[in-house]
Amino acid sequence: MNVFYNKEGVGDVLMVILADAPRAEITAERKGDVATIFHGEDVIGYNIFEASKQFELNAVGPVELTPKLVETVQRVLGENGIDFEAREIDYSPKFVVGFVASAEKHPDADKLSVCQVEVDGQTLQIVCGAPNVAAGQKVVVAKPGAVMPSGLIIRPSALRGVASSGMLCSARELALPDAPQEKGILVLEDTAKTGEAFLIGR
């Protein structure tokens, strides 16, 4: 479950994403202040309109998933005649500080690096194309399941045959103010704590 809000870009709509599907294959059915999003007969999400009347929202982009937020989503959907029960919700932060333990050249791509990145008690292998990535850095990691400010959902993948679980983020990809436009990941201060949440859109 991912939740997304961008009043300036989309309007006063809270987007609740349960599953991904090709945009051309989805349909919607509106009831009251809620549009249910379908892929075939499967419900893959909800759009809740006039969201600021129901939710305390100060984010632009991904909204932090909390038990209170999920409870409010369930209540609002119920008030609009929609039966929804949230199950197996992962409340762990999806944007965290990571430590690049190693960065080695991709065996089949000169401009890619295969990085071993320590996060919250685990090590993720992430293939990165940033020219400035190097071992020893503290960086921002978008873990699988993260929703970028652009709406992109981060999923496990393979780049040129090498498995990758997550993304090392640039300031521009995180929609940070005054982000430089040149390519390169955001390198944090050494004092940043590995595994702690990195809040964006605040």
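The values are calculated or read from the model by the stated rules, or taken from the named source; none is laboratory data. Quick caveat, the model's predicted, so the values are computed rather than measured. Heads up, the Cβs are rebuilt from the backbone with ideal geometry, glycines too, and the neighbour counts pull from every protein chain shown. Remember, those area values only see protein heavy atoms, side chains included, never the ligands or the DNA or RNA. Shrake-Rupley method; radii C 1.70, N 1.55, O 1.52, S 1.80 Å.
As a length-normalised measure over Cα pairs under 8 Å and 6 or more apart, the relative contact order of the range 131-176 settles at 36 percent. Estimated at the nearest 10 Å², the accessible area of PHE84 is 30 Å² with a 1.4 Å probe.
So what does the Cα-only Debye profile of the range 1-65 read at q = 0.11, 0.24, 0.26, 0.29 Å⁻¹, as log10 I(q)/I(0), no solvent term? So the normalised log intensities work out to -0.24, -1.06, -1.17, -1.30.
If you plug the beta carbon distance of VAL43 and ALA109 into 1/(1 + (r/R0)^6) with R0 = 35 Å, you get a FRET efficiency near 0.35.
CYS169 sits among other residues whose Cβ lies under 13 Å from its own Cβ, and their net charge, with Lys and Arg +1 and Asp and Glu -1, is +4.
For the chain, which whole percent of the accessible surface, found with a 1.4 angstrom probe, sits on carbon and sulfur atoms?
48
Normalised by the empirical 2.2 N^0.38 Å for globular proteins, what value does the Cα Rg of the range 93-165 take? Relative to the 2.2 N^0.38 Å estimate, the range 93-165 comes out at 1.05. Only DSSP H runs of four or more residues enter the estimate; each adds -39500 (n - 2.57), and after division by the residues of the chain the mean residue ellipticity at 222 nm equals -2000 deg cm²/dmol.
Across the range 80-150, C-alpha contacts under 8 Å between residues 6 or more apart give a mean separation that, scaled by the residue count, equals a relative contact order of 34 percent. Distance between the 7 Å Cα→Cβ label points at GLU88 and ASP190: 4.3 nm.
Count charges around ASP20 for me, please; just the other residues with Cβ under 15 Å from its Cβ, Lys/Arg as +1, Asp/Glu as -1.
Working: positive: ARG23, LYS94, ARG155; negative: GLU25, ASP42.
Counting the neighbours of ASP20, the net charge comes to +1.
Between the range 109-172 and the range 39-56, the C-alpha centres lie 29 angstrom from each other. The stretch between ALA158 and ALA179 holds 4.8 nm of extra length on full extension. This uses 0.36 nm per residue minus the Cα-Cα distance. On the basis of the beta-carbon distance and an R0 of 30 Å, GLU29 and LYS7 show a calculated FRET efficiency of 0.80. A convex hull fitted to the Cα coordinates of the chain yields 139 cubic angstrom per residue. Near LYS138: Cβ cut-off under 12 Å, other residues only, Lys/Arg at +1 and Asp/Glu at -1. The net charge is -3. This model, with +1 at the C-beta of Lys and Arg and -1 at the C-beta of Asp and Glu, gives the chain a dipole about its Cα centre of some 380 debye.
Sorted largest first by accessible area at a 1.4 angstrom probe radius, with every protein chain in place, the residues THR123, THR66, THR191, THR72 fall in the order THR191, THR123, THR66, THR72. May I ask you to derive the relative contact order of the range 69-202, considering only C-alpha pairs under 8 Å and at least 6 residues apart, and to give it as an integer percent? The value is 25 percent. Remark: the chain carries 56 Å² of accessible area per residue (probe radius 1.4 Å; ligands, DNA and RNA excluded).
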